[in-house]
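The values are calculated or read from the model by the stated rules, or taken from the named source; none is laboratory data. Keep in mind the model is a prediction, meaning the values are calculated, not measured. Backbone-built Cβ (ideal geometry, glycine too); neighbour counts: all protein chains shown.
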Amino acid sequence: MNTLEPMGPKFLNRVGKYVLGRELGAGSTGRVFLSHDPYLDRDVAVKLYRLEEDSGKESAKSLRQQFFNEAKVAGRLRHPNVLPILDAGEEGGFGYVVTDYLPGVESLKGWTKPNRLLPVATVVEVVFKLARALEYAHRMDVVHRDIKPSNVLRTPDGEVFLIDFGIALHTLDFVDEQAPSTTKAKLVGSPSYMAPELIRQGRASIQTDIYALGVLLYELLVGRRPYEDETLSGLLHQILYASPPPLGQLRREIPLVLDDIVAQVLAKRPEKRYQSGFELAAALVAVSHNLEVVSEELKERERFNLLRRMRFFDDFTYPEIYEILKAGHWSSFAPESRIVSEGEVDESFSVIVSGGVRVEQAGRRLGRLQAGDCFGEIGFVTPAKRSVTILAEDAVEIFSVNATLMEQASLATQLHFTRIFLKNLIARLSRSRAGVPLSVS
């Protein structure tokens, strides 16, 4: 913002007790700096508002109002998904608001690109948390009025925080609904996230926040907003009268139930939407449960398809492969991870599903195994100490069958598996006697 151009560590190195460092980012209401609290010896984030009037009386008045609004409104909110205000003050023509510093945090804006979308289940989790945060804010009589990706922070471990209450309204401070009010008539916020009634009447409410969260949900799922146009008038016309493209047309793995939820949260009439953040959160809980079930089903189907394409399983029927899949377990290893260690006792027979491994003995490289190769035959027949060490050379997936668990399969599957297994073992021993290395046990 132009009003903040002269501001920064070069011109201002301290506000209150906080020592300003590098700039972390700029928002619609101020600029944020990594700072240090010398009294508590910890890093914090300090958001600065320029309150002097040399940039224009109206602009300075607006910034001053936003500063006091954020300090007052957000300062009274205490919720796990609302970034708390630690301190606030005014000094040398600047207002400042202090929050926790979250290393590695980024706004959701970075996750709205078509080539960088979060998994559907993660999006549902993120919006669930935001819905609960809004439910809390609304119960505290606070309407945010500016829900959008850049006003939500996400940490590397997946926590989300609603920020920027600079234009929020405290409903206890609303003027009489019957009285004329320039505040009520003035459109504030980001046009793409405005509900139809906000465009028509200019009144923010719980329902306009719910609608904006619905736009955010849509954008996180498919990497575009429900309504887009090159002109403001065209955009507002779409919001008032158009229907957004169905989610499933833009991203195939999105379940139909999410289309239903988005349709309800983006309804033109506020009474047709979810009436609270709690209602929306409850709907998302059901989706999350269904997604977990579907995810496990898809994972099992994908693993089945991987196994049936491997030469070891060429002669098995589909039901037999499913039985073997149930008797085994799937493991993933990062590059240079130790998969097998010399001297350990194991009774698992393993197939390399993807990636390649290095085989060593007493620190000496013996060779390499790759996708489709097997190891551990001797240990499967009778528990024995491993004679080699196996290390992942790149990302590796291993499917292992435990001899004890295999006994739970049907007798026909056990006999078929034993026949193929022995055939594979004899072939390996024959290669070993012919001088081909790597009889791996």
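Entry remark, segment 107-143: residues being assigned to a helix (DSSP H, G or I), buried (at least 17 other Cβ atoms within 10 Å of the Cβ) and in contact with a Lys or Arg (Cβ under 9 Å, 6 or more places away or on another chain) number 5 in total.
Among the residues of segment 410-441, the ones that are of a type outside the set (V, I, T), in contact with a helix residue (DSSP H, G or I) (Cβ under 7 Å, 6 or more places away or on another chain) and modelled with pLDDT of 85 or more come to 4 in all. Look at segment 348-368: where a residue is in contact (Cβ under 8 Å) with a residue 60 or more places away in the chain and a partner is among the β-branched types (V, I, T) and in a strand (DSSP E or B), sitting 6+ places away or on another chain with Cβ atoms under 6 Å, you get F349/V401; V359/I390; L366/V359; G367/V359. Looking across segment 202-228, the residues that are out of contact with any Lys or Arg (no Cβ under 8 Å at 6 or more places or on another chain) and either in a helix (DSSP H, G or I) or surrounded by fewer than 16 Cβ atoms within 10 Å (Cβ to Cβ) (or both) come down to I206, L213, L217, L220, R224, E228.
Among residues that are modelled with pLDDT under 70 and touching a strand residue (DSSP E or B) at 6+ places or on another chain (Cβ under 8 Å), P9 is included. When we screen S288, S341, S348 for residues that are outside the structural domain of P244 (by TED's automatic domain parsing) and either in contact with an Asp or Glu (Cβ under 7 Å, 6 or more places away or on another chain) or modelled with pLDDT of 85 or more (or both), the only hit is S341.
State whether the residues of segment 373-388 include one that is under 37 Å from the mean Cα position of the chain (by Cα) and under 22 Å from E302 (Cβ atoms). Yes, segment 373-388 contains at least one residue that is under 37 Å from the mean Cα position of the chain (by Cα) and under 22 Å from E302 (Cβ atoms). Close contacts from segment 398-416, counting a first residue that is within 17 Å of T382 (Cα to Cα) and a second that is in a loop (DSSP other than H, G, I, E, B), with Cβ to Cβ under 8 Å and a gap of 6+ residues or different chains, come to S400/G376; N402/E347; A403/E347; T404/E347; Q414/E407.
The condition of being of a type in the set (K, R), in the same structural domain as K148 (by TED's automatic domain parsing) and closer than 18 Å to T122 by Cβ does not hold for R225. The number of residues in segment 337-382 that are of a type in the set (D, E) and part of a strand (DSSP E or B) comes to 2.
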